[in-house]
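To keep things clear, I will list the structure first and then write my remarks on it.
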Amino acid sequence: MQLAFFTMPIHPIDKDWRQSLREDHEAFVLADELGFAEGYVGEHATDQAENITSCAIFIASLVHSTKRMKLGTGTINMPNNHPVAVAAHMAMLDHMLDGRFIFGISPGGLLSDAEVFGNLEADRNAMFLESINTVLKIWASEPPYDIAGKYWNVAIHKHLMPEIGQGPIPKPLQRPHPPIVVTAVAPFSKGVTEAAARGWDPISANFLMAPWVKSHWPKYAEGCERMGRKADPANWRVARSVFVADDDKTAKEYAMGPNSPYRYYYKQLFTKLKRNGRIELFKTHRDQPDDEVTLDMVCEKLITWGSVEKVTDELLKYRDEVGEFGKLLYAGKDWADRDLGRKSMILLAEKVLPKVNAAIK
């Protein structure tokens with residue numbers, strides 16, 4: 001098993017934006033120094049708590065601060081961006097990273113973003129599919145482009161001057177395109193199957209209960225089988241909220257206490273999902289009554305906390321429950337205590353991971 005980092009950072013809304021951006025940046029640099037294989041960052045335009053507005057800009061800030069870790073958009077919310085802008089920006093980012101780029105995509109899940117971008121009532125799944133198809137066609141072709149769609153049209157004829165380099169949309173360094181990943185946020189996700197059938201790989205979100213995470217593997221295997229490729233657990237990324245400390249008492253207070261940044265994280269998500277009628281994501285079984293789904297239950301089920309020994313045991317049990325996966329994505333949280341936030345990542349990489357891998361072998 002490898003470690004990776006995934007953050008859709010949720011910070012206190014009164015925290016200085018500059019400070020939270022610096023801390024998020026520092027967490028990625030630390031992850032790279034600790035040998036994390038990959039790092040992903042989300043984006044939202046209309047959320048004071050989830051306040052990275054462009055994952056591409058944030059990743060660009062890490063180009064020279066990280067050395068080994070691959071960096072991925074987590075995710076580009078495709079309906080909110082023009083496909084030409086996505087194609088051009090992601091190609092540039094892949095070159096800036098010298099091929100260390102992973103292209104994470106989604107239809108976008110924040111409804112206030114959809115509203116402000118004018119696609120709240122649109123079929124965002126259809127927009128997502130048209131957008132990624134358009135981006136891939138751009139990268140696979142040369143001008144003049146004639147890509148017609150329901151939502152976007154891409155063409156250049158009048159001002160094409162290839163002799164001076166005017167007209168072509170940039171292509172990424174990795175050919176035919178960077179690796180593509182999708183975040184799976186639904187139980188028994190059909191999107192995972194369709195993504196796998198196109199050669200893409202899934203990230204199972206850290207706010208899904210274990211039974212729903214487990215449901216993603218057979219869907220992934222189904223899509224791989226359709227295209228005749230092996231379903232390799234090494235390609236399955238599973239995100240999890242983990243906090244490691246020197247002792248259980250410290251870990252419990254920081255991860256589960258009333259002022260916990262972990263509890264704050266899930267309170268934000270709980271409020272959004274409940275308001276939007278999607279509380280089923282937090283259910284342990286589909287017929288569970290809504291009133292049984294409480295914030296306390298969510299935190300109890302979705303946060304792994306404790307000493308090195310306790311976290312090691314619980315991660316092994318979790319792996320037994322959901323199935324074999326290749327990368328554990330440490331879900332980033334606000335550094336309410338910088339020292340404890342850093343220490344958790346260090347202990348996970350230097351103490352927990354070796355014990356987990358020894359047990360697996």
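The values are calculated or read from the model by the stated rules, or taken from the named source; none is laboratory data. Everything numeric in this text was worked out from a predicted model, so none of it was measured. Neighbour counts are summed over all protein chains in view; Cβ atoms, including those assigned to glycine, are modelled from backbone coordinates with ideal geometry. For the accessible areas, the whole protein counts, side chains as well, though only heavy atoms, and no ligand, DNA or RNA atoms are used. Shrake-Rupley method; radii C 1.70, N 1.55, O 1.52, S 1.80 Å.
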Among (1) part of a helix (DSSP H, G or I); (2) closer than 22 Å to residue 176 by Cβ; (3) open to solvent by 40 Å² or more (accessible area, probe 1.4 Å) - the single one residue 230 does not satisfy: (1)
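Would you tally the residues in region 238-260 being open to solvent by 10 Å² or more (accessible area, probe 1.4 Å) and either of a type outside the set (Asp, Glu) or modelled with pLDDT under 95 (or both)? I'd like the intermediate steps shown before the answer.
Our first condition is that a residue be open to solvent by 10 Å² or more (accessible area, probe 1.4 Å); within region 238-260, this holds for 240, 246-250, 252-254, 256, 258-259.
Imposing the further condition that a residue be either of a type outside the set (Asp, Glu) or modelled with pLDDT under 95 (or both) reduces the set to 240, 249-250, 252, 254, 256, 258-259.
Residues meeting the conditions: 8.
Could you run through region 138-152 and say how many residues are of a type outside the set (A, V, I, L, M, F, W, C) and either in contact with a helix residue (DSSP H, G or I) (Cβ under 9 Å, 6 or more places away or on another chain) or under 20 Å from residue 75 (Cα atoms) (or both)? Reasoning before the result, please.
So in region 138-152, the residues of a type outside the set (A, V, I, L, M, F, W, C) come out as 141-146, 149-151.
Restricting the remaining residues to those that are either in contact with a helix residue (DSSP H, G or I) (Cβ under 9 Å, 6 or more places away or on another chain) or under 20 Å from residue 75 (Cα atoms) (or both) gives 142-143, 145, 149-151.
Residues that pass the stated criteria total 6.
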Failed condition for residue 195, given (1) touching a strand residue (DSSP E or B) at 6+ places or on another chain (Cβ under 8 Å); (2) more than 25 Å from residue 278 (Cα to Cα); (3) open to solvent by less than 10 Å² (accessible area, probe 1.4 Å): (2)
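Identify the residue in region 281-297 that is in contact (Cβ under 8 Å) with a residue 60 or more places away in the chain and open to solvent by less than 90 Å² (accessible area, probe 1.4 Å) and, among all such residues, is nearest to residue 263 (Cα to Cα).
282
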In region 325-355, the residues that are open to solvent by less than 50 Å² (accessible area, probe 1.4 Å) and either without any contact (Cβ under 8 Å) to a residue 40 or more places away in the chain or of a type in the set (Ser, Thr, Tyr) (or both): 330, 344
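I'd like the full set of residues that are charged (D, E, K, R) and either under 18 Å from the mean Cα position of the chain (by Cα) or modelled with pLDDT under 95 (or both), limited to region 97-145.
Start the filter on region 97-145 by keeping residues that are charged (D, E, K, R), which leaves 98, 100, 113, 115, 121, 123-124, 130, 137, 142.
Across region 97-145, the qualifying residues are 100, 113.
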Filtered residues of region 28-45 (kept if surrounded by fewer than 23 Cβ atoms within 10 Å (Cβ to Cβ) and either in contact with a Gly (Cβ under 8 Å, 6 or more places away or on another chain) or in a helix (DSSP H, G or I) (or both)): 29, 30, 32, 33
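Quick check on this structure: which one of 79, 9, 83 is modelled with pLDDT under 95 and at negative phi?
Values: 79 fails: modelled with pLDDT under 95; 83 fails: modelled with pLDDT under 95.
Only one candidate qualifies: 9.
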Candidate set: region 108-148, residues that are open to solvent by 40 Å² or more (accessible area, probe 1.4 Å) and touching a strand residue (DSSP E or B) at 6+ places or on another chain (Cβ under 6 Å); chosen: the one nearest to residue 89 (Cα to Cα): 137
Any chance residue 93 is of a type in the set (A, V, I, L, M), farther than 27 Å from residue 150 by Cα, over 15 Å from the mean Cα position of the chain (by Cα) and open to solvent by less than 10 Å² (accessible area, probe 1.4 Å): yes
Filter result for residue 217 (in a helix (DSSP H, G or I), under 28 Å from residue 11 (Cα atoms) and among the aromatic types (Phe, Trp, Tyr)): no
Residue 149, sole failed condition from (1) within 18 Å of residue 102 (Cβ to Cβ); (2) of a type outside the set (S, T, N, Q); (3) in contact with a Ser or Thr (Cβ under 8 Å, 6 or more places away or on another chain): (1)
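Can you pull out the helices (runs of 4 or more DSSP H) entirely within region 80-177 that have at least 3 residues that are of a type in the set (D, E, K, R)? Walk me through it before giving the result.
Working: elements: 83-96, 111-116, 124-140.
Per the criteria, 124-140.
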Candidates 321, 314, filtered to the one that is at pLDDT 95 or above, part of a helix (DSSP H, G or I) and touching a Ser or Thr at 6+ places or on another chain (Cβ under 6 Å): 314
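Is it fair to say residue 65 is under 18 Å from residue 11 (Cβ atoms) and open to solvent by 10 Å² or more (accessible area, probe 1.4 Å)? Outline the logic, then answer.
Details: under 18 Å from residue 11 (Cβ atoms): no; open to solvent by 10 Å² or more (accessible area, probe 1.4 Å): yes.
So residue 65 fails the test.
Go through region 233-270 and report how many residues are of a type in the set (S, T, N, Q), under 20 Å from the mean Cα position of the chain (by Cα) and in a helix (DSSP H, G or I).
At the first step, the residues of region 233-270 found to be of a type in the set (S, T, N, Q) are 235, 241, 250, 259-260, 268.
Going one step further and asking which of them are under 20 Å from the mean Cα position of the chain (by Cα), we end up with 235, 241, 268.
With in a helix (DSSP H, G or I) added as a condition, the list becomes 235, 268.
Residues that pass the stated criteria total 2.
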Qualifying residue in region 350-357 (condition: in contact with a helix residue (DSSP H, G or I) (Cβ under 9 Å, 6 or more places away or on another chain), under 16 Å from residue 253 (Cα atoms) and among the basic types (Lys, Arg)): no
